[in-house]
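Before any comments, here is the structure.
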Amino acid sequence: MIIGFTLRKHIARWQRDGLIDDATAERLRKDIAGQGVSFGLGNVLAILGAILLGAALLSLIAANWEAMPRLVRVGLIFAVLWCGYLGGAWRASRGDKIFSEALYLIAAIGFGAGIAFVGQMYHLSGDMASAALWWTGGTVIAALLLRSPTLVSTSIVIAGIYLAASVEPDNASRLTYVWLVPVFSVMAAGLIWYVKADAARHFLAVLLLVFVCVVHFDLDVSVILWLSLAAGLGLFLLDALRSPVLDDLTGWGIGLGAYGFLAAHMVLMIFQFDDHGFGRTREVTTGFAILALAIAGLALSGHRNFAIRWSAYAIFCVEVLYLAFETIGTMIGTAGFFLTVGVLVLLLAVFVIRMERRLQKKSLLKSVAP
């Protein structure tokens with residue numbers, strides 16, 4: 001929405017300055033209008049309103065739960081589910097892509113609360129992880145039947161809740177997440193492709209990054225770090241060197257390249273601070289590897305992948321300052337340290353400015369090349 005408004009302003013300026021003719025300007029405006037409704041402020045407010053409304057309904061039911069007969073309790077739960085799912089389906093049939101998703105979200109929240117309320121009412125045994133697993137399964141089925149992108153994203157978020165609950169010490173089946181989360185990720189990837197839930201791809205990528213960290217720190221397994229490092233570097237290099245191939249295979253080459261780049265850096269940073277991985281004596285060496293990967297990201301993908309570009313800037317600057325603190329900061333006084341850091345920050349500013357000019361020039365040359 002905001003991007004479309006900005007593009008229209010630029011089109012009007014180009015047309016006024018004579019850079020494009022009237023026919024081209026009109027074709028560009030029609031192309032922007034044909035892209036449909038983008039995910040803007042209205043969508044965010046609708047989703048936020050649905051979450052707040054769902055929380056309000058659940059709070060109202062929970063406050064009067066003990067005073068209600070059991071039949072009324074179950075009826076209220078089903079009423080929230082049917083109103084949300086049927087109401088959302090009705091709005092979707094009328095072409096409403098905003099409030100239909102909001103109603104689906106209310107129903108998904110109600111389904112999770114219904115699991116908790118019914119378990120409490122009938123004194124069913126179980127833990128938070130089991131409840132979250134049932135909640136995830138029900139939301140996945142609803143997303144599949146209704147083809148709702150919001151429900152796909154919601155199911156991935158609930159899977160994250162399951163992952164967090166699975167590491168609790170008193171959870172009887174706490175290690176099942178080791179295989180359940182990968183299986184769910186494959187299913188979620190297929191669901192994302194089927195529903196065309198583009199935003200859910202980011203949620204799934206974050207879930208997998210968190211999963212790697214949880215497995216390593218919970219079970220003290222370093223193999224998953226090496227596998228993640230190899231997979232991250234592979235995705236990053238495939239996007240950098242053979243981007244059309246990755247994009248043709250997945251339809252999300254730039255995103256996979258960016259998350260692979262972040263995964264590789266995440267693993268290196270874990271190695272940098274993990275005594276079991278490399279040890280303290282090689283902390284600086286790992287820091288240089290992080291800097292080298294950041295520079296490689298700028299050199300190979302910075303001109304076309306903005307996520308890698310700005311992630312590389314941030315990682316490079318933070319790592320340089322951290323290495324300065326670890327090496328120089330322990331040998332000089334406070335005033336000398338701030339002086340050194342100030343000089344480093346200025347040098348980093350010069351580096352970023354010069355790199356931006358070079359990347360913009362390279363991007364321009366790529367765009368005009370036949």
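The values are calculated or read from the model by the stated rules, or taken from the named source; none is laboratory data. None of the values given here were measured: they were computed from a predicted structure. Neighbour counts are summed over all protein chains in view; Cβ atoms, including those assigned to glycine, are modelled from backbone coordinates with ideal geometry. What goes into the accessible areas is simple: the full protein's heavy atoms, side chains included, and nothing from ligands, DNA or RNA. Shrake-Rupley method; radii C 1.70, N 1.55, O 1.52, S 1.80 Å.
Here is how the numbers come out for the structure above:
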| quantity | calculated |
| --- | --- |
| Listed peptides 318-324, 68-74, 139-145 by packing density, highest first (mean Cβ within 10 Å) | 139-145, 318-324, 68-74 |
| With every protein chain in place, the stretch 80-145: carbon and sulfur % of accessible area (1.4 Å) | 73 |
| In the stretch 168-260, the trypsin sites (Lys or Arg not before Pro) that fall in loop regions by DSSP, at most 15 other Cβ within 10 Å | Lys196, Arg242 |
| Mean Cβ neighbour count within 10 Å, used as a protection proxy, ranking 8-20, 214-226, 101-113 highest first | 101-113, 214-226, 8-20 |
| Sequence-distant lysines (8 or more away, or on other chains) whose Cα lies within less than 18 Å of Lys30 | Lys9 |
| Extension reserve of the Leu86-Leu241 stretch, reckoned as 0.36 nm per residue once the Cα distance is removed | 51.1 nm |
| For Ile20, residues with placed amide H under 5 Å, excluding near neighbours | Gln15 |
| Full-stretch length increase - Phe78, Val223 - with 0.36 nm per residue and alpha-carbon distance subtracted | 47.7 nm |
| Cβ-based net charge around Lys9, under 15 Å, with every Lys or Arg adding one and every Asp or Glu removing one | +3 |
